[in-house]
Each structure stands twice: as C-alpha cells, then as structure tokens.
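Since every read-out is calculated from the coordinates, none of them should be taken as a lab result. Note that the structure is a prediction, hence the values are computed from the model and not measured. Cβ sites come from the backbone with ideal geometry, for glycine too, and all protein chains shown count toward neighbours.
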Amino acid sequence: MCEKKSKQPLWVLVWGGLEDLAQALHDAPEIQKNIKVYWIGGPNKKWSANSYAYIVKNFPDLWFIESNSSYNGFFSHDGKPDTPNKEKYYDSYINEAGYLGKDFKSYYKGEVKMGDTPSLLYLMDGDPNDPLKESWGGRYEKMDHSPRIIFNRNTNINDTVTVYSIVEFHFKGPKVNIPADSACFTMTVQAEIGEQKWDGFYLGDGNYAIRYCPKRTETLSYKINSLIPGFVEQSGQFVVDNIWPGSKRSTNYKLGDNWYTDVKNPNAFDGIWQGANTIKKWRNDALLDWAKRWSWLQ
C-alpha cells in the first residue's frame with residue numbers, strides 16, 4: 001500500500017462490494033481517520049455481507065455514508081416535459097459527441113444506467129463534509145446501529161427481518177477435519193428476481209454459519225445443503241420488511257458518530273425506496289448540467 005501524507009481527507013467512492021476497503025483497513029487500520037467513504041449499498045451489500053460485517057464490527061468510528069436505497073432516485077422520471085428521459089438521453093444530448101460519446105452507445109445501448117453516479121454527484125454539489133445537507137448525491141442522517149439478526153434455527157413465514165440487515169444463520173452439523181472459515185455449504189435463495197446461491201462457512205467443532213443481506217422488501221425461501229456426509233439439508237422462509245435500520249437489538253452492531261444512511265422521513269421515499277427523493281429532486285439539475293458538457297464536444 002502506498003501512503004501519502006495530506007491534510008485533506010481521502011474520499012473513497014465504493015462501487016460494488018467492500019472487499020478492497022476491508023482489506024485496506026485490515027492491512028493499515030490507521031487510515032480510517034484519514035478517509036471518508038461513500039458507498040452505494042443495497043444490492044452491493046447483498047454481495048459483500050462478510051466484508052461489511054468486518055468493517056462495521058471493527059471500524060465503527062469510520063466516516064461512512066451507507067446509501068442503501070437513496071441512489072434509486074437517480075433512475076426516477078417525474079413525467080414533466082422537460083425531464084431528461086434516461087432511455088432517450090443519449091439521442092437528445094450525447095449523440096456520438098466525441099470519442100466518449102461514440103463509445104457510450106456500446107453500453108446498455110446508450111441508456112443512462114448509472115447506479116453509482118450519485119457517489120460522484122455527492123462530491124460535485126453541496127458540502128460533502130455535511131451529509132445532513134442537500135446535495136445532488138442525496139441527503140443523509142446519522143445512524144447509531146446497524147442491524148444484525150441471528151437465527152439458531154430454520155426460519156418460517158412468521159419471521160421478519162430488516163431490509164439491508166446482516167442476517168446470520170447458525171446451526172450444528174457434522175464435525176469435520178477442515179480449516180475453520182472454509183466455504184463448505186451452499187444457501188440457495190429463491191427471490192423475485194430468481195434463484196441465487198451463497199457460500200456458507202465452517203466455524204469448527206461442528207458449527208456452521210452463513211450471512212445473508214436482503215436488498216428489498218419481499219418474501220424469501222431458502223435451502224441449505226452440502227456434500228459433507230451426514231450434513232442435514234436445511235430450509236425455511238422469512239419476510240423482509242421495509243424499515244431501515246429498524247428496531248434496536250442486543251445483537252446489532254454499534255456505530256460511532258460518523259455513520260450516515262438513507263433518510264427515514266416518509267416524504268423522502270420514492271415508492272418503496274427510502275431516501276430516494278433526496279436525489280430524485282436534483283436529478284434534472286445534474287443531468288441537464290451534464291448535457292451542457294456534452295454540448296462542448298459536439
């Protein structure tokens with residue numbers, strides 16, 4: 001790792017999972033006081049539940065914006081005549097402008113599908129050091145706990161978990177001679193978007209565990225199986241609510257003073273997406289400002 005001294009914080013805009021950030025903090029924990037993180041969570045949190053759990057447990061004082069759903073406001077279309085339409089934006093404003101414009105058409109047929117863009121917009125407008133204020137990249141509020149829900153049994157339709165939370169399933173199984181933390185079983189989850197598979201781990205002494213992070217409100221079914229002889233198949237269901245970060249539990253991760261997330265006020269929701277209106281309200285301004293810059297290349 002190359003470290004450079006500076007009086008300015010290093011902004012880390014995380015697109016996708018948190019594995020690289022977790023590794024950097026693990027290797028050089030002293031950097032946490034010098035960095036500020038803006039993360040597009042939601043579905044990305046789903047794929048990096050383990051690295052998120054590592055960070056939130058070991059670095060609760062990290063300066064961190066966890067945007068689990070606000071970013072969806074950048075996809076919205078308010079129906080007004082002067083609103084840039086994401087499907088027609090290319091033809092209206094980009095239209096093969098410059099080398100970048102010509103190449104842009106190669107991705108999503110030119111559709112403006114930029115789910116991580118609010119992280120950049122956050123630094124381009126407003127005061128990025130104050131997430132409580134308005135900006136193109138959203139407005140956020142402090143959170144003092146991150147939900148962690150632990151089950152030592154199979155769940156059923158009567159069990160409800162918090163959206164975007166870390167859900168852990170712990171259970172007993174055969175004692176095997178493999179290293180602890182070995183991926184050795186599979187959790188298959190049936191969601192609205194289809195079937196997805198996740199690795200589970202052996203903790204030693206016949207103990208097994210897996211973390212899962214739901215990304216939206218829905219009812220999920222799952223099966224857990226392994227090729228280990230004597231491993232009993234597990235199965236169950238649970239319901240995902242739409243209240244983030246939800247109620248406090250003794251198992252939650254405690255956070256410091258600089259962790260921020262999507263605004264809970266009902267007026268900030270865009271449909272089911274918490275906080276999305278804090279970005280949606282500025283979407284036109286951001287896209288039309290971008291359109292001016294494309295015009296320079298025409």
Inset, instruction - Measure of size requested: the Rg and Dmax of the chain, with Cα atoms as the atom set and Å as the unit; please supply both. - result: 21.3, 67
Inset, instruction - Would you mind checking Lys86/Lys281; Lys45/Lys113; Lys57/Lys281; Lys254/Lys280; Lys36/Lys133; Lys36/Lys254 for any pair whose Cα atoms are more than 25 angstrom apart? - result: Lys57/Lys281; Lys254/Lys280
Legend entry - Antiparallel DSSP beta bridges within the chain, percent to nearest 5: 65 percent
Legend entry - Segments 209-222, 142-155, 35-48 sorted - mean Cβ within 10 Å per residue, highest first: 35-48, 209-222, 142-155
Legend entry - Whole-Hz ³J(HN,Hα) from phi, Karplus 6.51 cos²θ - 1.76 cosθ + 1.60, for segment 164-175, glycine and proline x: 6, 7, 8, 10, 10, 10, 10, 7, 8, x, x, 7
Inset, instruction - Return the distance in nm (one decimal) between the two label points of a simple spin-label model at Asp103 and Ala209, each offset 7 Å from Cα along Cα→Cβ. - result: 4.4 nm
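Below 13 angstrom from the Cβ of Ile272, what's the summed charge of the other residues (Lys, Arg +1; Asp, Glu -1)?
So the surrounding residues net to -3.
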Inset, instruction - Could you name the aspartates and glutamates whose alpha carbon sits less than 12 Å from that of Lys172, not counting residues in the same chain fewer than 8 places away? - result: Asp205, Glu233
Inset, instruction - Take every Cα-Cα distance within segment 147-240, group them into 10 Å bins from 0 onward, and report for each bin the whole-number percent of pairs it holds. - result: 16, 52, 27, 5
Legend entry - Kirkwood-based shape ratio for segment 168-294, expressed as Rg/Rh from alpha carbons: 1.13
Legend entry - Residue-averaged 222 nm ellipticity for the chain, from DSSP H runs of 4+ at -39500 (n - 2.57), nearest 500: -5000 deg cm²/dmol
